[in-house]
Amino acid sequence: MSSKYPHVFDPFVIRGVLFKNRMAQAPPGCFFSADDNGFVTDDFVSYYRQYARGGVAICTVGNCTIDISESCDEPRQLQLHDPQCVQPLKNFAEMCESYGAQGSLELTHNGKDTAPEAIGHPPFSASAFVTVAEQRRAARLGREPVSTIEMSREKIRETVEKYATAALYCKQAGMKICMIHGAHGNLIAQFASPYFNKRTDEYGGSLENRARFACEILDAVRQKVGEDFVIEYRISADEFHPEQMRFPETLEFIKYIKDKVDILHVSAGIHDLWGEPYYMRYLLQNYTMDQMYNVWFAAEVKKAYPDLIVATVGSIKNIAMAEEIIASGKADIVAMNRALHADYDMPKKFAEGREWEHMPCLRCSCFRMASPHTSKLCSVNVMWGRFREYPEGRLQKAAIKKKAAVIGGGPAGIEAMKWLLQRGHEVTLYEKSDKLGGHVRDAVAAPFKQDLRDYLGYLEAFAQNCGARVLLNTEATPELLDAEKYDIIIAALGAEPIMPKIPGCDKPHVHWAPDAETGVVSCGENVVIIGGASVGTEASINLAMQGKKVIVLDMDKKVNLMKTGAMADLLEMSDKNGVKRYLGWKLTTILDKSVIAVNTETGEERTFAADTVLMAVGLKPRRDKALAFCHSCPETSFYIIGDCRESGDIRDAVFSAFEATRYL
């Protein structure tokens, strides 16, 4: 029986190369990548096996440098300059082939973005200039900023040959496709950009001249690899900086390369900080931004060049979205990165009709999390990167089937239920209310929280279809669980809002902030929110969008939103909607129509109009309630997880559930 997604799972052929469907893994950074020489390792192959096994047609490895002595911006980066790289690469190509996928490498020279300390000399670029990143680096290291070196014609010819040789090494390793990285402000994009390219020779000035470097690379690659090899080219449709490549000019740029590429992979944004706003946000969209963010660029490219095979990428969350994109003619191929980190089995699940089991990406901060210092690489997928322990991406069955109870239907409870079921246990989940989701349900009201609404939908669908006994409107008690004689009890009772004990805190217009967002309580016209971290800030934006006059007070002048990965956007939305933020102000008194706060530095006292006061100062774990169940099963098989153990975010809840259950 076929799936509901005939366009996504439609095989196609380019230059005699078979692609089993229209799904590609967009190139991630070099997580679990090369050895000290920059060569493929067993871990490298095992890491990418997760994605090949999951069902994509193309597995692309990101940021593979064509010369590690000139372009180096990640630890353990794969390099394609030494011919000895070919033999280890064969293991990657053969692994992909064994799953019917095509292995591909993104060939990169990042030019200006390599630190001088990484290569022992200034970086090369189209022209000589000092980057903002280098200015900040130099200040941090206490040295003078170093300018890039303008590439001579001889250096350009040498670099063109390096791209071609790297592509040839891909072919010699058994691959049938590679990607030339011409996007995101890398070297090829630096030549194309009027901001970076100030040359006056045949490589600068007009758009045709600025496209010359890319054209020479593509011609040289084709000459090296022959006609039976697929060339994919990655481009930023728009770099968003006013002096960089904008979309109308990119559309013109494409006409110079269109006959030299087989697939045009349309991305957006640049790898750089230009102050505010943060331009990298356009290639790594956060949860405040629209889903399928870049698809309209691909659609416009497809309209302008209908004969081009176009790939699109950027916040495409699932196969259903991909089906609509391809069926409507917006693109021919859909690439995903973070969505596959969250669920690398996504293609297989949708093809097999198991959509309810699909784990949606939250578009949080996984690229900030991914480091050698943590195993918590994805907020929702605990298996990401655990290929050594769990090569099949799942837990083994327990030797003895046990009877388990999970108390609480929030993310921690449902994750615990999932892993207990995977271990083969009989599971009952108790939820006191009539709905699942816990505090996730309290956080989905704002219109920009679609990713969290998707996650809530996953929690509900999984509980409904997983085969466990799920009891809503059922409050667990020690007596009830004693009677059931459970072997395992997992307490995930969550946490309750902290309501500061200050004069007036018991007045009827004082509430927890999410209760106002979800309509549990009504708000007046003048709202003061106490707490300027993510919960308070998101609530302030949501209520301001409804026409309320909103003030945020926080006693911490440096309240940090970076953990959300969306600080700039939240603050921008806050300003746009008229929210007034007062940091370094401590609430002292709540009156009937106002609040009094004091400045923590100057001692100044001030009154703010408020007919509604909302608290967003944190959560207190229901640990004492959980401990009441510790003797209702063998005590060594009793665990407290999630907010019930220690208040945190979804990532904390998910990982605490996994760690508690994976050996039970």
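The values are calculated or read from the model by the stated rules, or taken from the named source; none is laboratory data. Keep in mind it's a predicted model, so treat the numbers as computed, not measured. Neighbour counts run over all protein chains shown; Cβ positions are idealised from the backbone, glycine included.
What the table below lists for this structure:
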{"quantity": "Residue within segment 336-357 that is surrounded by 18 or more Cβ atoms within 10 Å (Cβ to Cβ), over 30 Å from residue 422 (Cα atoms) and touching a helix residue (DSSP H, G or I) at 6+ places or on another chain (Cβ under 9 Å) present", "calculated": "no"}
{"quantity": "Residue check for residue 300: in contact (Cβ under 8 Å) with a residue 40 or more places away in the chain, touching a His at 6+ places or on another chain (Cβ under 7 Å) and of a type in the set (Asp, Glu)", "calculated": "no"}
{"quantity": "Residue that is farthest from residue 266 (Cα to Cα) [pool: residues in segment 323-366 that are in contact with a His (Cβ under 8 Å, 6 or more places away or on another chain) and in a helix (DSSP H, G or I)]", "calculated": "349"}
{"quantity": "Some residue of segment 133-140 being crowded, with 16+ Cβ neighbours inside 10 Å and among the polar types (S, T, N, Q)", "calculated": "no"}
{"quantity": "Condition check for residue 532: assigned to a loop (DSSP other than H, G, I, E, B), touching a residue at least 40 places away in the same chain (Cβ under 8 Å), surrounded by 17 or more Cβ atoms within 10 Å (Cβ to Cβ) and not polar (S, T, N, Q)", "calculated": "yes"}
{"quantity": "Segment 543-562: number of residues that are modelled with pLDDT under 95 and touching a helix residue (DSSP H, G or I) at 6+ places or on another chain (Cβ under 6 Å)", "calculated": "1"}
{"quantity": "Selection status of residue 146, in a loop (DSSP other than H, G, I, E, B) and assigned by TED's automatic domain parsing to the domain that holds residue 259", "calculated": "yes"}
{"quantity": "Test set (1) surrounded by fewer than 17 Cβ atoms within 10 Å (Cβ to Cβ); (2) on the phi > 0 side of the Ramachandran plot - residue 438 fails condition number", "calculated": "(1)"}
{"quantity": "Residue satisfying condition, being assigned to a loop (DSSP other than H, G, I, E, B), in the same structural domain as residue 20 (by TED's automatic domain parsing) and aliphatic (A, V, I, L, M), within set 45, 61, 56, 160", "calculated": "56"}
{"quantity": "Residues (buried (at least 18 other Cβ atoms within 10 Å of the Cβ) and either free of Cβ contacts under 8 Å to residues at least 24 places away in the same chain or farther than 28 Å from residue 632 by Cα (or both)) located in segment 454-483", "calculated": "454, 455, 456, 458"}
{"quantity": "Residue under evaluation residue 429, criteria (1) surrounded by fewer than 18 Cβ atoms within 10 Å (Cβ to Cβ); (2) part of a strand (DSSP E or B), criterion not met", "calculated": "(1)"}
{"quantity": "Residues located in segment 12-33, provided they are in contact with a strand residue (DSSP E or B) (Cβ under 7 Å, 6 or more places away or on another chain), modelled with pLDDT under 95 and either in a strand (DSSP E or B) or more than 17 Å from residue 231 (Cα to Cα) (or both)", "calculated": "28, 29, 30"}
{"quantity": "Which numbered condition residue 537 misses (of (1) surrounded by fewer than 16 Cβ atoms within 10 Å (Cβ to Cβ); (2) assigned to a helix (DSSP H, G or I))", "calculated": "(1)"}
{"quantity": "Exclusive hit being surrounded by fewer than 21 Cβ atoms within 10 Å (Cβ to Cβ), of a type outside the set (A, V, I, L, M, F, W, C), over 33 Å from the mean Cα position of the chain (by Cα) and part of a loop (DSSP other than H, G, I, E, B), set 603, 648", "calculated": "603"}
{"quantity": "Any chance residue 443 is assigned by TED's automatic domain parsing to the domain that holds residue 636, of a type in the set (A, V, I, L, M), under 30 Å from residue 315 (Cβ atoms) and touching a Pro at 6+ places or on another chain (Cβ under 9 Å)", "calculated": "yes"}
{"quantity": "Considering residues of segment 405-425 that are in contact with a helix residue (DSSP H, G or I) (Cβ under 6 Å, 6 or more places away or on another chain) and in a helix (DSSP H, G or I) only, the residue farthest from residue 638 (Cα to Cα)", "calculated": "411"}
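Residues are listed down the side, and each one gets a yes or a no for (1) hydrophobic (A, V, I, L, M, F, W, C); (2) closer than 19 Å to residue 220 by Cβ:
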| position | (1), (2) |
| --- | --- |
| 74 | no, no |
| 90 | no, no |
| 93 | yes, no |
| 103 | no, no |
| 109 | no, yes |
| 116 | no, no |
| 128 | yes, no |
